[in-house]
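Below is one structure, written out as structure tokens; the observations come after it.
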Amino acid sequence: MNLSELHTGEKATIIKVKGHGGFRKRIVEMGFIKGEMVEVLLNAPLQDPVKYKVMGYEVSLRRQEAEMIEVTLVENKPQSVVRHKEITIALVGNPNCGKTSLFNFASGAHERVGNYSGVTVDAKEGFTDFEGYRLRLVDLPGTYSLTAYSPEELYVRKQLVNNTPDVIINVIDSSNLERNLYLTTQLMDMHLRVVCALNMFDELERRGDKLDIQKLSSLLGMPMVPTSFKTGRGLEELLREVIHIFENREGHDEYYRHQHIKHGHEIEDGIANIQKFLKGNDLLRLRYSTRWLAIKLLEGDKEAWQIVDALPEASQIREASVMAVRRIKEETGDDSESAIMDAKYGFLRGALQEAGYKMGHKNDTYRVTHKLDNIITHKWFGFPIFLFLLLLMFEVTFTLGQYPMDWIQAGVDWLADFVGRRMADGPLKDMLADGIIGGVGAVIVFLPQILILYTFISLMEDSGYMARAAFMMDKLMHGMGLHGKSFIPLIMGFGCNVPAVMATRTIESRRSRLITMLVLPMMSCSARLPIYIMITGAFFPAQYQSIVMFSLYLTGILLSVIMARILSRWVIRGEDTPFVMELPPYRFPTARAICRHTWEKGKQYLKKMGGVILVASIIVWALGYFSPTGVADSLEDSFIGVLGKAVEPLFLPQGFNWRLDVSLIAGIGAKEIVASTIGVLYAGGEYHFSPLTAYCFLLFVLIYFPCIATVVAIKHESGSWKWAFFAACYTTILAWVLSALVYQFVSLFL
């Protein structure tokens, strides 16, 4: 609730002070800080302003100002109980600057760190305690600017405006200062409290760069701290600067003051003229930095104009903006957006020059990168290398993972035998042995392969190879009607389709974003891996297993190409955006990062074993154990047998039997359930179908109905159930048609 909603005599604890610039600074200086208790003493005769008691003295505020202070009611609790010394810190920076590494290092949270644009597609929250404060860290998506061009830029901007943090940590890649500091200039426009983390500073030092950090801090009006979040260097000093700025301690005036960037005579005149009207609206003045909003209007920002068009002064503001844009064009020869951008870069060049910035050449960060790129992205070698890495991944997954898989399988068999020998015959024994152990055990044995697969994906992502793969695939993607950036979510789909669908937010074009999420289910996620391994291991010789697996993944990729082309040509039309993507230097990921990522995925897999897979296994066992008349004499007479026999004619063209049909139906909830269902229904281990049927079954599993979580993710990201249902329907129809065609065609030659 807001402070303005309290009645006389009520007490509350301050949660947050919203607003920007001078207003927020003044309110905080008056004692309205997070954790303080405030009491309503008196309303003026006209109910405005209101007198409050805070920090032992009395102060009056207008109701519109009190609306900007969030509080929580105190119900006769002593102040020591409700006081919270908490600072909300937003982490803002370009992609690949090390922002999420800081988040993980400081909070101990295990968020994914990927070396390409857009790995953080939503805000992540973590906490850490430091020098008596509870620090709430919010890791925002990586963004190059605060325009409303891409979904991530708009998301970050809305978070900063609507949920104003106490302090911002602007994480900067020190090896690319000028480009990274452009975002800093936009934070300066917003009049927010900022501390800069000059991350990867060890790379700057190795290269022999020269930089007067104190001078640059003074010029930008914010403290700058050299850091390296691989080792934790500078973290404590960075957090101390956050606390210093939050407490507004003396001695930091040199580094913390609001610094205006001079954009040139005509631009500044235009900003000032627009600001006159913006400042006249009290509600607007309290919520936004009027200077930042004026700059956005001059840039033609649609979101900013939506705010202004609802104001009584809208026509006057638009008239002032049109005049300013015309004069800027006359003076600079550029449109106002380009002129503002050039002015900011001009300011940064001057500031860096005054701070003595000189780039050294002792150890060029990109030298090794350029040499590797000459090979990895070579016209003739690039694609074979990519295909080789995929084949190697599957080969190692099979061969290396087989040993621990055999150990786990031996443990599952021993446990089932132990239960069978120690328990009396009856439903409970059968449920434990055949339902729980048989179902969950059929899936958990594939944990080693899951971990190996994620280790490979993690290595490719963290090293920077994924960005190169997108670079190589852009022409093919464009031919499919997609954006080059679409390749990254598609590759992420090999891990899990749900975060891959969410990662499509990094694609600026809505058309490409929608097509990408609709073809993503063709990517074989790790949930399908247990099914692949189970069936290929049972029906194909060891020397062909990795080839069968590779063919499934390759089929998924080819189908995604075909479907993307069809969707872009006949279903979803529109303009695409240019392919602009950063290619960061290769950085070999630390063993700690790889192990952490792999363990997190393994933990998720184990949690699923104890949740949805366990419940599904028990349900499948119960449906197979009981019949309409009681305990079933055989599986065919059970509930699940009746269901399977009912749908069996539908899958005769594929050569499937009713057990396979039932497992496919069960897999709609989660693909792992297909493997657990087969484990329950084929408890004896004998499969009664041919290798051709087995391969067609794998094709069906590859293509058909995405899991429920993926369908929901598509609805959330597309904003419509229409596209979610479309994805579920077309994939299932395609799976039926393709598997039937393959079975019928190959059967002609057998």
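The values are calculated or read from the model by the stated rules, or taken from the named source; none is laboratory data. Predicted model only: the values in this text are computed from it and were never measured. Using ideal geometry, Cβ is built from the backbone for each residue, glycine included, and neighbour counts are taken over all protein chains shown. Note: accessible area is taken over every heavy atom of the protein model, side chains too, but ligands, DNA and RNA are not part of it. Shrake-Rupley method; radii C 1.70, N 1.55, O 1.52, S 1.80 Å.
When you go through Glu75, Glu67 one by one, which is the residue that is modelled with pLDDT under 80 and either farther than 30 Å from Val171 by Cα or over 38 Å from the mean Cα position of the chain (by Cα) (or both)?
Values: Glu67 fails: modelled with pLDDT under 80.
When all the criteria are applied, what remains is Glu75.
Being of a type outside the set (A, V, I, L, M, F, W, C) and open to solvent by 20 Å² or more (accessible area, probe 1.4 Å) is the filter here, so list the residues in region 204-230 that pass it. Break it down stepwise before answering.
Let us first name the residues in region 204-230 that are of a type outside the set (A, V, I, L, M, F, W, C), namely 205-210, 212, 214-215, 217-218, 221, 223, 226-228, 230.
Answer for region 204-230, where residues must be of a type outside the set (A, V, I, L, M, F, W, C) and open to solvent by 20 Å² or more (accessible area, probe 1.4 Å): Glu205, Arg206, Lys210, Asp212, Gln214, Lys215, Ser218, Pro226, Lys230.
Restricting Ser463, Ser512 to residues that are crowded, with 23+ Cβ neighbours inside 10 Å, hydroxyl-bearing (Ser, Thr, Tyr), out of contact with any strand residue (DSSP E or B) (no Cβ under 6 Å at 6 or more places or on another chain) and touching a residue at least 40 places away in the same chain (Cβ under 8 Å) narrows the list to Ser512. Selection of region 398-451 for residues being more than 22 Å from Lys671 (Cβ to Cβ), surrounded by 14 or more Cβ atoms within 10 Å (Cβ to Cβ) and of a type in the set (D, E, K, R) yields Lys429, Asp430. Taking the criterion of being more than 30 Å from Leu554 (Cα to Cα), in a helix (DSSP H, G or I), among the charged types (D, E, K, R) and out of contact with any Gly (no Cβ under 9 Å at 6 or more places or on another chain), the residues of region 393-430 that qualify are Asp417, Arg421, Arg422, Asp430.
At least 2 residues being free of Cβ contacts under 8 Å to residues at least 40 places away in the same chain and open to solvent by 60 Å² or more (accessible area, probe 1.4 Å) is the threshold, and among the helices (runs of 4 or more DSSP H) wholly inside region 277-372 those reaching it are 314-332, 336-354.
Name the helices (runs of 4 or more DSSP H) wholly within region 631-736 that hold at least 2 residues that are at pLDDT 90 or above and not polar (S, T, N, Q)?
Values: elements: 639-647, 658-666, 672-681, 691-703, 708-718.
Where helices (runs of 4 or more DSSP H) fall fully within region 631-736 and carry at least 2 residues being at pLDDT 90 or above and not polar (S, T, N, Q), they are 639-647, 658-666, 691-703.
Going by the structure shown, is Leu447 under 20 Å from the mean Cα position of the chain (by Cα) and closer than 30 Å to Leu692 by Cβ? Working first, answer last.
Values: under 20 Å from the mean Cα position of the chain (by Cα): no; closer than 30 Å to Leu692 by Cβ: yes.
No, not satisfied.
Go through region 549-576 residue by residue and tally those that are part of a helix (DSSP H, G or I) and farther than 19 Å from Ile491 by Cα. Going through region 549-576 one residue at a time, the tally reaches 6.
Once region 527-538 is narrowed to residues that are out of contact with any Phe, Trp or Tyr (no Cβ under 7 Å at 6 or more places or on another chain) and more than 13 Å from Thr710 (Cα to Cα), the residue that is surrounded by the most Cβ atoms within 10 Å (Cβ to Cβ) is Ile531.
Kindly indicate whether Thr377 is of a type in the set (S, T, N, Q) and touching a Lys or Arg at 6+ places or on another chain (Cβ under 9 Å). Here the answer is yes, as Thr377 does meet what is asked. A single member of Leu238, Leu198 is modelled with pLDDT of 90 or more, of a type outside the set (D, E, K, R), more than 30 Å from Glu70 (Cα to Cα) and open to solvent by less than 40 Å² (accessible area, probe 1.4 Å), and it is Leu198. Could you list, in sequence order, the residues of region 147-162 that are within 19 Å of the chain's Cα centre (by Cα) and open to solvent by 30 Å² or more (accessible area, probe 1.4 Å)? Answer for region 147-162, where residues must be within 19 Å of the chain's Cα centre (by Cα) and open to solvent by 30 Å² or more (accessible area, probe 1.4 Å): Ala148, Tyr149, Pro151, Leu154, Tyr155, Lys158, Gln159. Across region 118-132, the qualifying residues are those that are touching a helix residue (DSSP H, G or I) at 6+ places or on another chain (Cβ under 6 Å) and buried (at least 17 other Cβ atoms within 10 Å of the Cβ), and the one among them that is modelled with the highest pLDDT is Thr128.
Determine, yes or no, whether Arg179 is within 29 Å of Ile307 (Cβ to Cβ), among the basic types (Lys, Arg) and open to solvent by 30 Å² or more (accessible area, probe 1.4 Å). Please lay out each step first, then the result.
Working: within 29 Å of Ile307 (Cβ to Cβ): yes; among the basic types (Lys, Arg): yes; open to solvent by 30 Å² or more (accessible area, probe 1.4 Å): yes.
Taking the combined requirement at face value, the residue satisfies it.
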